[in-house]
Amino acid sequence: MRRVVLDTGFGVERFMAERARGGRLHYLGIAARVPAVDDPELRALWPLDVPGFHRILLDDGRVVLDLLVGALDAVLPQIDARVDAFHIAGTAPATLARALAKLAVQGATLRAQTPDEALVWALTAAGFVCKTVNGTPDVGAVYQSRKPQPAVPPQPERRAIVIGAGLAGSAAAQRLCANGWQVTLIERHAQPAQEASGNLAGIFMPLLSKDDNIPTRLSRAAYLFALREWRRLGGVGTAFDGADCGVLQLARDGGHAKVQRDVVAAWDYPPEYVRWLDAAAAAARIGVPTPHGGWLFEQGGWARPSSLCEAMLAACGDRLRRVFATEALVLQRVDGAAQAAGDAQTCGGGQARGEWRVLGGDGVLIAQAPTVVLASGASAVRIEQAAELPLSALRGQVTHLAVGGDGVSGAPPQLPLVVCREAYVTPPFNGIVCAGATYDNDDDPALRAASQLENLTRLAEIIPGDEVAALAATAPLAGRVGFRCAAPDRLPLAGALPDYPSAGRLERLRDVPRHPGLHCLLGYASRGLIWAPLMAELLVSQLENTPPPLETALVDALDPGRFLLKQRRRVQ
Ligand SMILES: Cc1cc2nc3c(=O)[nH]c(=O)nc-3n(C[C@H](O)[C@H](O)[C@H](O)COP(=O)(O)OP(=O)(O)OC[C@H]3O[C@@H](n4cnc5c(N)ncnc54)[C@H](O)[C@@H]3O)c2cc1C
C-alpha cells in the first residue's frame, strides 16, 4: 500500500523527511509556483516553472511526487485522492476544511502549522478531531467521519493484455510492468511500431494558446512528463534515437507572429519552455532569412518512435510476454461464475471474478486476463466493443530526402533543430531529412507523388532558396505513409471503454456504463510521442486506484465516455 500525503504548502524538506521514512509514498505537494531545489537528483527531474500537475517518479517509482502548481483553492477541487496524512502549512483559509475532508480516509491524520481559530473550528465541523500538539502552536487532528465511508477499492489482480505495440501499447506495457503487472502484449506484426509509430522521426513540442485551453494544458503536462520519463529511461539520443535539439515553430504571417509574441508575454513562460524569437533571431538559428520569427521550444526535438518503443519494451523486463505476428480479433468476457466453474474443473479451484479472453483467427485463444488495454490505433474500431468510438484514420505521408545533393538538382536543408510551420523538417539523421506530413482523408497506403509535392512545396515556403525549391522537381518519390488515429476533438481517449449498447439516460461521465476491465489508449492523432507516457501513467493510476497525474477536469477531457455522453445529451 502507498501512503498518500497531501501538503498544502509544498516543502522540500517535509517531502524529503517523508521519503526518508521508506516504503511506498505518494506525495501531493501544492505550490503557487514551482519552488527551486538544490538536491541534484531532484533537479535532474524537476519541472519547469509552469502551472499544472507535474508527476515526478523517484526511487524506481516507489516514491511518486505530484507537484500541483496553482492557487490552493483552484487546485484542491481538482485532486482525486484518498489521503492518509495532511500537512497544512502557512496561512490556510478555513474554507479548505471541507475540501480536505472529502479527500481524507477514515483515521487520516492532519497537522496544521499555527492555525487560526477559524481553521480549527472549520476542521472540527468537517469531521477532524483536533487538539494542540504539546509544546508547539501547531494543531494535530484525526479524521473521524460519522458518515459511512466508501469501501476501500480492492487491490487489482495485476495481469493485463495490451493489444498493439505502437507508442501507446509500448508505454502502457512499460508503466504496467514497472508497477508489478504481468503483461501479455499482442501485436499483429512481427516487430513493434510498424504502423503509425513506424515513422523515421516524429517531433515533440507542446501546444500554446491565448486562453490556456484544455488541449494546451494537456499537451504541457504530457510534454513535460515525457521529457522527465525519457530522462529516466536514459535520455533522448542515448536510450533511443532522437535529439532534444529544439523546435522552432515559425509564425504563418504577421498576425500570427503577434499572437505568438502576445502568448509568450501573457503567460510569462520560462525561456527553457518557450521563447519568442523575432525574424532576425529566428533566421540566425536556421541560417536562412525568415520573415516573421517564431516560438522556440528549446527542449523540444525529434525522436524515432520505433526506437523509443524498443527502449520502453526493453525496460519491461521479464514481466512482459510478447505475442507478436498475431492478430487479436475478438474479445469475450467470461463472467466470474463461469470462470470459477471452469477453473474448478481444470485446476481444482477458482475465484468468482470476470476475465477477458482474446481470440485470434479461427477463434483460437491467444491470452486471457482480467484487464485488457486496447492500444491498437486506427484499427481499434474493428474490435466489436470499440466499434462505436468516433475514431477516424487520417492518412499522412512523410517525405524522406537524402542529404548530399549536388547543389544543382536540389538538396534538403541540414538544420541544427526541427523547424515547422504548416509542415515540419527535421535535422538529418543517418543521411535522411524528414519533411512532412500531409493530412488526407483517404485510405491509400501507397506513396503518392501529389503528397510529396505538397510536402516539398511547404518545405520551400519554410526554407527559402533554390536548392530546396528544386527538390519539388528532382527528389525521387521516397517516404512513408501512416494512418493517425484521431477523435473528433483531437484529444486522446484514455480510460475505461464505454459500453454503448447498455447506455440509458446519461447526465454525467460517471453514469456512462463501462465494459468491466476493458480500457483503451487511443486517438493519439499527431502527438503520439508526448501523449504515450502520460496516458500510460493515467491508465495505471485508474487501474491501481491511485491519484491520477492530472487535474480532474483534464482526466474528464480524456475520458473515452465523453462522446457517448455528448451524443445522449443531444438526444435526451
Ligand atoms: C504521417 C504521420 C506523421 C506523424 N508525425 C508525428 C510527429 O511529428 N510527432 C508525434 O508525436 N506524432 C506524430 N504522428 C503520430 C504518431 O505517429 C501517432 O500518434 C502514434 O504513432 C500512435 O501510436 P499508437 O500506438 O496509438 O498507434 P500505432 O503505432 O498505429 O500502434 C497500433 C498497433 O496496434 C497493432 N494492432 C492493431 N490492431 C491489432 C490487432 N487487432 N491485433 C494485434 N495488433 C493490432 C498495429 O499493428 C500497431 O502496431 C504522426 C503520424 C503520422 C501517420
- Would you check if there is a residue in region 191-205 being crowded, with 24+ Cβ neighbours inside 10 Å and assigned to a helix (DSSP H, G or I)? yes
- Message: Can you find a residue that is among the basic types (Lys, Arg), within 16 Å of the ligand (Cβ to nearest atom) and either assigned to a loop (DSSP other than H, G, I, E, B) or on the phi < 0 side of the Ramachandran plot (or both) anywhere in region 119-135?
- Response: no
Worksheet item: Residue check: is Pro464 within 25 Å of Ala450 (Cβ to Cβ), away from the ligand (no atom under 14 Å from the Cβ) and either in contact (Cβ under 8 Å) with a residue 60 or more places away in the chain or not polar (S, T, N, Q) (or both)?
Response: yes
| message | Take Glu422 and tell me if it is assigned to a loop (DSSP other than H, G, I, E, B), under 27 Å from Phe324 (Cα atoms), open to solvent by 10 Å² or more (accessible area, probe 1.4 Å) and not small (Gly, Ala, Ser). | response | no
With the structure loaded, tell me whether Arg188 is assigned to a helix (DSSP H, G or I) and buried (at least 17 other Cβ atoms within 10 Å of the Cβ) or whether it fails that test. no
Yes or no: Ala221 small (Gly, Ala, Ser), more than 14 Å from the ligand (Cβ to nearest atom) and not in a helix (DSSP H, G or I)?
no
Selection status of Leu185, among the aliphatic types (A, V, I, L, M), more than 11 Å from the ligand (Cβ to nearest atom) and within 20 Å of the chain's Cα centre (by Cα): no
task = Output yes when any residue across region 359-373 is buried (at least 22 other Cβ atoms within 10 Å of the Cβ) and near the ligand (Cβ under 9 Å from one of its atoms), and no when none is.
result = no
Counting only residues that are more than 23 Å from the chain's Cα centre (by Cα) and open to solvent by 70 Å² or more (accessible area, probe 1.4 Å), region 503-519 contains a total of 3
Residue set Asp73, Asp49; condition touching a residue at least 60 places away in the same chain (Cβ under 8 Å) and among the acidic types (Asp, Glu); output residue Asp49
Can Ala435 be described as assigned to a strand (DSSP E or B), within 15 Å of the ligand (Cβ to nearest atom) and surrounded by fewer than 22 Cβ atoms within 10 Å (Cβ to Cβ)?
no
So Ala243, is it open to solvent by 20 Å² or more (accessible area, probe 1.4 Å), over 15 Å from Leu320 (Cβ atoms), within 10 Å of the ligand (Cβ to nearest atom) and in contact with a strand residue (DSSP E or B) (Cβ under 9 Å, 6 or more places away or on another chain) = no
Picked from region 527-572 (must be within 16 Å of the ligand (Cβ to nearest atom) and in contact with a Gly (Cβ under 8 Å, 6 or more places away or on another chain)), the residue farthest from Ile383 (Cα to Cα) is Leu529
In the set Gly317, Gly294, Gly300, Gly354, the lone residue that is open to solvent by less than 30 Å² (accessible area, probe 1.4 Å), modelled with pLDDT of 95 or more and more than 12 Å from the ligand (Cβ to nearest atom) is Gly294
From the option list Ala536, Ala525, single residue qualifying as farther than 26 Å from Pro370 by Cα and open to solvent by less than 60 Å² (accessible area, probe 1.4 Å) is Ala525
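The values are calculated or read from the model by the stated rules, or taken from the named source; none is laboratory data. Everything quoted here is computed from the prediction, not taken from an experiment. No Cβ is skipped: glycine too gets one built from the backbone with ideal geometry, and neighbour counts run over all protein chains shown. Heads up: the accessible areas ignore ligands, DNA and RNA and are worked out on the full protein's heavy atoms, side chains in. Shrake-Rupley method; radii C 1.70, N 1.55, O 1.52, S 1.80 Å.
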